[in-house]
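Worksheet: one structure, shown below.
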Amino acid sequence: MPARFTHFLSVAAGWLVVVVVATATAIGFVHRFLAPEGEPYFLFTEVFGDHPAASLLIWALCLAAYAALFRLLCRRLDAWRHGVVSAPPKRPLTQKIERLTQWAFSRWYRAALVLAIAWSPWILLSWPGQPNPDFARMIGEFLLQRSDFTDGVIAPYEAYPTSYYLMPDGERIWSNHHNFYLMLYYGAVSKVSIVLFDSLMPGIFLISTLSLLFTLLAFGRAFAILGRFVSSWKVRALALGLVAASPLIAVWSMSHTKNHLFSAALVWWLALVAQYVHSREPVGRRWYVETTLLSFMVAVSVLFGWMLLVAQALVMLGVRRGRYAPLAVMAVPALLVHGTVSAAVAVGVLIPSDPIETKGVQLQQLALILSEHPDALSTQDRAALSKIFDLEAMAEAYDPDISDPVKSSGPYATKTESFRYQTVQPEDWDDFTGIWLRAGAEHPDTFADALVSKSYRYLDPFDRGTHWYPPWAGDYERTVGEHSVAPVALNSGPRPALREAAYTCYDAALCRPLLSHSLRTVLLVLICAAAITVGRRFSWLWAMPFALQVGVVAMSPLAAGGRYALGFTYGLAVVILLMAIDDRQPARERAGRPPADARTASGTRGS
């Protein structure tokens, strides 16, 4: 491909990202300032039609602001192309910061210790966290059989839900709805806890502690690896400060979800990828072992993990032609995890994930169309869609923040009658896509409104988000069988009090940046786009995992769910370090040059 055409595509891609982010932010301002109060949901096209001039002005101002920020990022990342060298600090305070970062980045356990000390207030007041409903369903899925579901105990396939036609004939209720291998881990630890202590609490404590230690280890290893390639103490201090001063990472690291495990594995894995592409010498055996283990962690922690690994392995084939290490340490673990799960589903050991889980955006669009236009569908389409959904209940269940009500999932006490999961059959889905397209063609404005409400909030840095803090409310109660899952007695007072204080902080404009997932998401997306625009050599390598996550969050049940944005919150500091690495071609261009960490500077380049 001609270099000029490649450059054009890179610049166009970067500025397209700017337009998308500016549009998402503008929609947020339109919602907050122009939408009428008291409406059940936000209809963007209607508000735009009522206030076209004001809406366009807001969009133009957002675009101008982002364009200025983007040009600044482009200049900075272009200046960082040859690495960043910072002048030695002169003031006592900056000298202490420089010594601290040098000490922390020299060994993984030192960086982990610094983070543990910085997070200690959050750890002491919140540990061991409190399991969420998904965790309770996963261990219930492992521990119980169908015949045990009596006296108000809710079957996982009722709470998810899972269509009855997917259920195997036996008693086993293991599923891949929430990653099978993660369910095995949570369930096995819980089973041992019950056998040894007749309680789930020791297992809950252990899982929370191991998650916290894994997060500290992941950041420690990432900083130790990238510290070899980033010599600027200022960039190191910025990255360390972003993580150390992030209460979000601290509290989520103790949660009992899956996204925080993926996010921690991701930062460690990205550092290993950087080691592979930037090392002058061949990577050693330890790199292969570490990367393989981390790839397995990525694959088992989230359902899309195996796809990310395969995509990254294929992209990396072009980094060093003839080097097939990425296929061995990324694609092979990914395919092993996906293949074994697929085989278990095929032989009836596992209940597969329900097809409805991949149709969140389509369901929201159909539900809003039926809510706004009850007669939108033809008689034939209504009859076909009625095999899957109760159409009146579907329209009433529409919630712009979450698609679970339309899917009849979520808390059993608030379950809707929308999805006919007990009677739906595979062939009933055959006409679904056609019905969805015809409804969208007839009501494109409402079709667009539902898409906007489902997607824009992740890229609006001023949005409040939903479920941005772990669900540690003090009044949550849950049992599995005869054993209590929540509330957790330890820190039962400080934990919800700290959560409430965090929500109060979030209401303050000066405090919100410390707690905003969407702000970190926008910054990371813009940094990756700027790197692509200025032609950084490995820019696509760093952007690909996050580009895939942007697509995933758009399909997630929540419109702005904090846990789905954790990859961006965890990854921002690591991406900044990646951008500070000298990414010129090795060997010939570096002939005679001393190592980066041995160079001294008389001034500051790009820092």
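Worth a mention:
- For A565, the conditions (1) under 15 Å from P461 (Cα atoms); (2) modelled with pLDDT of 95 or more all hold with the exception of (2).
- Selected residue [within 30 Å of V319 (Cα to Cα), in contact with a helix residue (DSSP H, G or I) (Cβ under 8 Å, 6 or more places away or on another chain) and either open to solvent by 20 Å² or more (accessible area, probe 1.4 Å) or part of a helix (DSSP H, G or I) (or both)] from L261, L248: L261
- Number of positions in segment 51-72 that are in contact with a helix residue (DSSP H, G or I) (Cβ under 6 Å, 6 or more places away or on another chain) and either open to solvent by 40 Å² or more (accessible area, probe 1.4 Å) or not in a helix (DSSP H, G or I) (or both): 2
Residues checked against (1) more than 30 Å from P355 (Cβ to Cβ); (2) open to solvent by 30 Å² or more (accessible area, probe 1.4 Å):
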| residue | (1), (2) |
| --- | --- |
| Y164 | no, yes |
| E171 | no, yes |
| S175 | no, no |
| F180 | no, no |
| M183 | no, no |
| A188 | no, yes |
| K191 | yes, yes |
| I204 | yes, no |
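- Residue within segment 338-349 that is in contact with a strand residue (DSSP E or B) (Cβ under 9 Å, 6 or more places away or on another chain), among the hydrophobic types (A, V, I, L, M, F, W, C), part of a helix (DSSP H, G or I) and open to solvent by 20 Å² or more (accessible area, probe 1.4 Å) present: yes
- Of residues in segment 62-111 being within 29 Å of the chain's Cα centre (by Cα) and free of Cβ contacts under 8 Å to residues at least 40 places away in the same chain, the one farthest from A237 (Cα to Cα): A64
- Meets criteria (in contact with a Gly (Cβ under 9 Å, 6 or more places away or on another chain), hydrophobic (A, V, I, L, M, F, W, C) and within 26 Å of A531 (Cβ to Cβ)) for A79: yes
- If you go through segment 490-523 and keep only what is open to solvent by 10 Å² or more (accessible area, probe 1.4 Å), farther than 20 Å from Y458 by Cβ and either in contact (Cβ under 8 Å) with a residue 24 or more places away in the chain or in a helix (DSSP H, G or I) (or both), you end up with L490, N491, P494, P496, A497, L498, R499, E500, A501, T504, C505.
- Residue match in segment 580-589 (condition: in a helix (DSSP H, G or I), within 30 Å of V452 (Cβ to Cβ) and modelled with pLDDT under 95): no
- Near pairs, Cβ below 8 angstrom, 6+ apart or cross-chain, from segment 527-546 (farther than 19 Å from L309 by Cβ) to any residue that is surrounded by 23 or more Cβ atoms within 10 Å (Cβ to Cβ) and among the hydroxyl-bearing types (S, T, Y): A531/S539; I532/S539
- Matching helices (runs of 4 or more DSSP H) fully within segment 378-465 where at least 2 residues are of a type in the set (D, E): 391-396, 444-455
- Every residue from segment 422-471 that is farther than 30 Å from L498 by Cα, within 28 Å of the chain's Cα centre (by Cα) and open to solvent by 20 Å² or more (accessible area, probe 1.4 Å): T433, W436, F447, A448, L451, V452
- Tallying residues that are within 21 Å of D404 (Cβ to Cβ), assigned to a helix (DSSP H, G or I) and not small (G, A, S) within segment 551-572 yields 6.
The values are calculated or read from the model by the stated rules, or taken from the named source; none is laboratory data. Bear in mind that the values here come from a model prediction, so they are computed numbers and not experimental data. Cβ coordinates were reconstructed from backbone atoms using ideal geometry, including for glycine residues, and neighbour counts include every protein chain displayed. Calculation scope for accessible area: heavy atoms of the full protein, side chains included, ligands and nucleic acids excluded. Shrake-Rupley method; radii C 1.70, N 1.55, O 1.52, S 1.80 Å.
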